[in-house]
Amino acid sequence: MHCGMCETHVGDVVRRVEGVKKVVSSHAKGRTEVIAEDSVNVELIKEAIAKQGYSVGKVTSEPCEKHGSFSRKR
């Protein structure tokens with residue numbers, strides 16, 4: 001990605017993949033972070049990005065820790 005418009009293009013196509021909840025792209029960092037359901041098809045995300053003319057490098061996955069605004073420790 002080279003600019004903010006690239007970030008927008010990548011984010012738009014990734015958001016269309018079923019199971020994707022949130023997408024954050026940064027051309028400065030050269031990365032896109034995706035929050036998705038466990039069942040999301042990573043290959044579909046990679047294909048969507050590739051169809052826009054961008055290459056996909058390293059893909060990592062880790063569990064998402066929820067930090068709800070209503071959670072309290074007593």
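The values are calculated or read from the model by the stated rules, or taken from the named source; none is laboratory data. For clarity, every value in this text was computed on a predicted model and none was experimentally measured. All Cβ positions, even for glycine, are placed from backbone atoms using ideal geometry, and neighbour counts span all protein chains on display.
Observations
- Here is the figure for segment 31-69: residues that are closer than 23 Å to Cys3 by Cβ and among the small types (Gly, Ala, Ser) total 5.
- Filtered by the rule that a residue be assigned to a loop (DSSP other than H, G, I, E, B) and either under 10 Å from Val10 (Cα atoms) or touching an Asp or Glu at 6+ places or on another chain (Cβ under 9 Å) (or both), segment 21-55 gives His27, Glu37, Ser39, Val40, Asn41, Gln52, Gly53, Tyr54.
- All positions within segment 1-29 that are loosely packed, with under 15 Cβ neighbours inside 10 Å and touching a Gly at 6+ places or on another chain (Cβ under 8 Å): Val24
- Looking across segment 1-20, the residues that are of a type in the set (A, V, I, L, M, F, W, C), in a helix (DSSP H, G or I) and either modelled with pLDDT of 90 or more or touching an Asp or Glu at 6+ places or on another chain (Cβ under 7 Å) (or both) come down to Val10, Val13, Val14.
- Within segment 30-53, being of a type outside the set (A, V, I, L, M, F, W, C) and surrounded by 15 or more Cβ atoms within 10 Å (Cβ to Cβ) holds for Thr32, Lys46.
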